[in-house]
């Protein structure tokens, strides 16, 4: 998935839109504040974006995940590579 969910419980106003859109993933805690149930199934990216956009308090946010680097060694510019090979 390209997005992960960020939920700010201090901003949540308990409207319940996220819970209605993704029951089982978003749940109310004992104080009626939305939280994420890690055992729930995360909605797809399109649904996450829709939920984040319709959250009245802005507590739900869809955050783009950073791609992991495919290179295990630091990348050298071609100039640095030539310099390293010539010495």
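The values are calculated or read from the model by the stated rules, or taken from the named source; none is laboratory data. Please read all numbers here as calculations on a predicted model, not as lab measurements. Ideal geometry is used to build each Cβ from the backbone, glycine not excepted, and the neighbour counts take in all protein chains shown.
Odds and ends about this structure:
For every residue, the table says whether it meets (1) exposed (fewer than 13 other Cβ atoms within 10 Å of the Cβ); (2) under 12 Å from residue 63 (Cα atoms); (3) in contact (Cβ under 8 Å) with a residue 40 or more places away in the chain.
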| site | (1), (2), (3) |
| --- | --- |
| 6 | yes, yes, yes |
| 17 | no, no, no |
| 22 | no, no, no |
| 27 | no, no, no |
| 33 | no, no, no |
| 48 | no, yes, yes |
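- Scope the stretch 1-11; condition assigned to a loop (DSSP other than H, G, I, E, B) and either at pLDDT 95 or above or in contact with a helix residue (DSSP H, G or I) (Cβ under 9 Å, 6 or more places away or on another chain) (or both); matching residues: 1, 2
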